[in-house]
Number of protein chains: 2
Amino acid sequence: MPDRDFLGEFEQLVLLAVARLGGDGYGMSVRREIERRTGRAVSIGAVYATLDRLENKGYVASRTGAPTAERGGRAKRHFTVQPGGMRALRRTRRILTAMWKDLELGARTGSP
Amino acid sequence: MPDRDFLGEFEQLVLLAVARLGGDGYGMSVRREIERRTGRAVSIGAVYATLDRLENKGYVASRTGAPTAERGGRAKRHFTVQPGGMRALRRTRRILTAMWKDLELGARTGSP
DNA sequence: TTCCATTTCTTCTACTTTGTATAAATTAGC
DNA sequence: GCTAATTTATACAAAGTAGAAGAAATGGAA
């Protein structure tokens, strides 16, 4: 319904990571992906909180997978990006790209 | 000091607008620029709050200009992007661009 | 002229949503 | 029962938002 909204900073990162990971996206893997890409430490709570909020907005969906046969194998909660999430991602990119381009054209860096 | 930080969603928009407006960036013009580019209504309070935060982080600087000779021509508070702000902008763009590219390459949309 | 309505812009206040850290709980193997 | 891999819960800080209030300037009516 609120498909007019912009994405927050971290929401964007999480959504991008889930999209990238395809069917393999779950809390821990999303965290690793973001850390790998941004180089900053990400607390696991931040990831799940954001994932939950994105799910409430209908941007991602989750289902609980079967437990895997490995030590500590608690069932994972897998996430997938929904069409609305993809649209939000593209809209955000479109606007930012346009503004960046604008900036490069104007190119007033203070040193003419 | 916290030059490792990411930019929030609205912070990015505001910074981009200030950069684009060069010497002409002040509260109201920043608001207009963002509305023009994003098509969404922006409350003036949001703009100033964000501008203040960016100034505290050293990403922009402000100075009060001279009043102009026109009706309602009250003195404006002009903002300019600082080097750190430019760096933050570029860093944010770099990371997002890399992630978007990743996504396009991987291109797993759920239908293998 | 002297006010005051009007315009343009900034500041303040109060509140919601996002972002973050850390501890606790759950489930499986060893 | 200890340990590992995950998710949940809790609590708080930071960012985003709306709208009213305040300030400074002009222009025109009285």
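No lab work stands behind these numbers, since they all come straight from the coordinates. Source: prediction; values computed, not measured. Here the Cβ positions follow ideal geometry from the backbone for every residue, glycine too, while neighbour counts run over all protein chains shown.
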The chain A residue whose Cβ lies closest to the rotation axis carrying chain A onto chain B, with that distance rounded to whole Å, is A:GLU9, 3
Per the 1/(1 + (r/R0)^6) rule, R0 = 35 Å and r from the Cβ atoms of A:ARG36 and B:MET28, FRET efficiency to 0.05 is 0.25
Asserting the computed 222 nm helical MRE of the protein assembly as shown (DSSP H runs at least 4 long, -39500 (n - 2.57) per run, divided by residue count, to nearest 500) equals -18000 deg cm²/dmol
Excluding residues fewer than 8 positions from A:LYS76 in its own chain, the aspartates and glutamates with Cα under 13 Å of it are A:ASP24
Around B:SER62 (Cβ within 11 Å, Cβ-to-Cβ, excluding B:SER62; K/R +1, D/E -1) the net charge comes to +1
Sorted largest first, the Cα spans of the stretch B:3-44 on the principal axes come out in Å as 29, 24, 16
At the level of C-alpha centres, the distance separating the stretch A:9-83 and the stretch B:24-94, in angstrom, is 35
Karplus-derived 3J(HN,Hα) from phi for the stretch B:54-71 (6.51 cos²θ - 1.76 cosθ + 1.60, θ = phi - 60°), whole Hz, x at Gly and Pro, runs 5, 5, 4, 7, x, 7, 9, 10, 10, 9, 8, x, 7, x, 9, 7, 8, 4
Hull volume per residue for chain B, using the convex hull of the C-alpha atoms, in Å³ is 127
The answer for the longest stretch of chain A without any exposed trypsin sites (Lys or Arg not before Pro) (DSSP loop, at most 16 further Cβ atoms within 10 Å) is A:5-39
Length-normalised contact order of the stretch B:26-103, Cα under 8 Å, at least 6 apart, in percent, tallies to 24
Sparse-neighbourhood loop hits (GluC sites (Glu not before Pro), the stretch B:34-112; DSSP loop; Cβ within 10 Å at most 14 others) -> B:GLU70
Sorting from shortest, the nanometre distances separating the label point of B:MET86 (7 Å past Cα along the line to Cβ) from those of the same residue in the other copies are 3.9
Label points for A:THR97 built 7 Å along Cα→Cβ; distances to same position in the other copies, nm, shortest first, come to 1.2
Of every Cα-Cα pair in the protein assembly as shown, the percentage lying beyond 25 Å is 46
